[in-house]
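Quick notes on the structure that follows.
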Amino acid sequence: MAWMSLFGPLGRARRRAKDLLREAKILMRRAAKRLPAEQQFALDQAILQLRAALVRNEYEAIVDKSARLEKLMGRFLSSYQRASWLESAESIGYAVIVALILRSLVLEAFKIPSGSMIPTLAVGDQIFVNKYVYGPRIPFTSLRPLSFAKPKRGEVVVFVCPIEPHEDYIKRIVGIAGDEVAVRDGVVFLNGAALPHEPLGTVSHWDKDATGEQWRAFSARAYRETVGEHTFVTLQDSDIRHHAADFGPHVVPEGHVFVMGDNRDHSYDSRAWGPVPIDHILGRSMFVWWSWGHDGARFNRLGTWID
């Protein structure tokens, strides 16, 4: 039966033979042209004979030719073998390097620590950020030798805070270079025109207190807003006494963007410390890949696309 050939003696012999062939290929590549011609010939013949036995699917021939190849490898290639711990360390090293390159240039995971982007992002959401979309940055610098897409109004971006360079923040771009931004009674004005501000009623959400330790429930008024190509929901405190102060007008300088949190009365953003240099932007938010809230895992948020 097929399963017997897969898991029985013949299957084990075939797997062992294939492992030997792969190992021989690696060791012969390391030896390069340093092997004497007669040793190279003997190994090549043993490899061809083992491959032929595999094609014929003959158990005894596979075992015999495997033993012959293994014996020749021990005689001629043992000096090119590396300790298993060194092989493992090398593999781990390569994996770490690839992961660091991906993290620096392509994709990185971020955890949402505060409620400034509620309801778009909840405290405890873990998201992926596309770091390649605006052009790759040289690791540990703000230099971006290649520039691709430009940051646009409405995009949710992760950036290095201008006044706290050791902190990465996440906010929504409201204005780009040359835009005039103002806020009056909770309504954002862009270039003199109010952003659409459709009331959706009162909603409840969970946030953490100022210490970041205790969960608390709160109610707020929700509004549907649109800026650029993005439509999203923002929050304003139900208690007018807690509303953020009016702001602006402020013209966004060249090479900068103006950012705000969607939880408008509880966001530390460009209204407090000014516009963000484009060079500080690390990437654009993509989607939630994991989320842990006040009541544990929030599976309903997994895969939520960030708009």
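Read the figures in this text as sums done on the coordinates, not as results from a lab. From a predicted model like this one, the values you see are computed outputs, not experimental measurements. Positions of Cβ are backbone-derived with ideal geometry, glycine not excepted, and every protein chain shown enters the neighbour counts.
The table for this structure:
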{"quantity": "Inter-label distance, nm, simple model (7 Å from Cα along the C-beta direction), ASP307/ASP64", "calculated": "6.9"}
{"quantity": "Per-peptide average of other Cβ atoms within 10 Å, ordering 299-306, 9-16 highest first", "calculated": "9-16, 299-306"}
{"quantity": "Radius 11 Å from Cβ of ALA220, net charge of other residues (Lys, Arg +1; Asp, Glu -1)", "calculated": "-3"}
{"quantity": "Of ALA244, ILE278, THR202, farthest towards positive along the dipole that unit charges on Lys, Arg, Asp, Glu beta carbons give the stretch 100-301", "calculated": "ILE278"}
{"quantity": "Within-14-Å neighbourhood charge of VAL63 [Cβ basis; K, R +1; D, E -1]", "calculated": "+4"}
{"quantity": "Paramagnetic label zone (point 7 Å from Cα along Cα-to-C-beta, LEU107; backbone N under 19 Å) in the stretch 286-307", "calculated": "286-291, 301-307"}
{"quantity": "Dipole magnitude of the stretch 100-301 about its Cα centre (Cβ charges: Lys, Arg +1; Asp, Glu -1), debye to nearest 20", "calculated": "540"}
{"quantity": "For TRP289, distant residues with modelled amide H under 5 Å away", "calculated": "GLN126, ILE127, PHE128, GLY303"}
{"quantity": "Ratio of the Cα radius of gyration of the chain to 2.2 N^0.38 Å, where N counts its residues", "calculated": "1.56"}
{"quantity": "Cβ crowding within 10 Å averaged over residues, with 39-47, 250-258 ranked highest first", "calculated": "250-258, 39-47"}
{"quantity": "Footprinting exposure proxy for THR234, THR226 (fewest neighbouring C-beta atoms within 10 Å first)", "calculated": "THR226, THR234"}
{"quantity": "For VAL174, residues with placed amide H under 5 Å, excluding near neighbours", "calculated": "GLY154, PHE258, VAL259, MET260"}
{"quantity": "Selection of GluC sites (Glu not before Pro), the stretch 102-201, meeting DSSP coil and at most 13 other Cβ within 10 Å", "calculated": "GLU167"}
{"quantity": "Neighbourhood charge, 12 Å Cβ-Cβ cut-off, centred on GLY8 and excluding it, Lys, Arg +1 and Asp, Glu -1", "calculated": "+3"}
{"quantity": "Crossing angle, helix 37-56 versus the chain [Cα axis fit, 0-90 degrees, rounded to tens]", "calculated": "80"}
{"quantity": "TYR268-ARG29 pseudo-label distance in nm [points 7 Å out on the Cα-to-Cβ vector]", "calculated": "5.1"}
{"quantity": "Distance in nm between pseudo-label sites at ARG15 and THR202 (7 Å out along the Cβ direction from Cα)", "calculated": "6.4"}
{"quantity": "Degrees, to the nearest 10: 59-76 long Cα axis against longest axis of the chain", "calculated": "80"}
{"quantity": "0 to 90° range, to nearest 10: angle between helix 84-105 axis and the chain longest Cα axis", "calculated": "30"}
{"quantity": "For the stretch 191-208, Karplus couplings with θ = phi - 60° (6.51, -1.76, 1.60), whole Hz, Gly/Pro x", "calculated": "6, x, 10, 6, 5, x, 9, 8, x, 10, x, 8, 10, 10, 9, 10, 9, 10"}
{"quantity": "Signed unit charges on C-beta, dipole axis of the chain, positive-most listed residue GLY154, PHE299, ALA220", "calculated": "PHE299"}
{"quantity": "Selected from ALA31, ILE47, ALA17, residue furthest toward positive end of dipole (the stretch 2-80; charges at beta carbon)", "calculated": "ALA31"}
{"quantity": "Whole-Hz couplings from phi, Karplus 6.51/-1.76/1.60, listed for the stretch 290-307; x for Gly and Pro", "calculated": "7, 8, 9, x, 5, 10, x, 5, 10, 5, 5, 8, 5, x, 5, 7, 9, 10"}
